[in-house]
Amino acid sequence: GIKAGDIIVALDDIPLNEDHPFINVLLSYEPGDIITATVVREETVLNLTIKLGESKF
């Protein structure tokens, strides 16, 4: 799973940037969806499969 210090660079191959801010991409999914998060951990790029939970906000 995602760990403290990981840098999330993409969700389902959608690069996170000014055109695709993290929150906008994340809000396009529903709780329970399974997605692939591309993260940089130290100097390694990893593709992690994660199941989204519900937001408390």
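None of the figures in this text is laboratory data; all of them are computed from the coordinates on show. All values derive from a computational prediction rather than experimental measurement. Because the Cβ atoms are built from the backbone with ideal geometry, glycine has one as well, and the counts that use them run over all protein chains shown.
Would you tally the residues in segment 30-57 being touching a strand residue (DSSP E or B) at 6+ places or on another chain (Cβ under 8 Å), assigned to a strand (DSSP E or B) and exposed (fewer than 10 other Cβ atoms within 10 Å of the Cβ)?
1
Given the conditions (1) in contact with a Leu (Cβ under 6 Å, 6 or more places away or on another chain); (2) among the β-branched types (Val, Ile, Thr); (3) loosely packed, with under 13 Cβ neighbours inside 10 Å, which single one is not true for Val25?
Condition (3) is where Val25 drops out.
Are any residues in segment 2-22 of a type in the set (Asp, Glu) and either over 13 Å from Leu52 (Cα atoms) or loosely packed, with under 10 Cβ neighbours inside 10 Å (or both), and if so, which ones?
Asp6, Asp13, Glu18, Asp19, listed by residue number.
What pairs can you find where one residue is in segment 17-41 and over 16 Å from Ile7 (Cβ atoms), the other is exposed (fewer than 13 other Cβ atoms within 10 Å of the Cβ), and their Cβ atoms are less than 7 Å apart, with a gap of 6+ or different chains?
Pro31/Gly53; Pro31/Glu54; Gly32/Lys51; Ile34/Thr49; Ile34/Lys51
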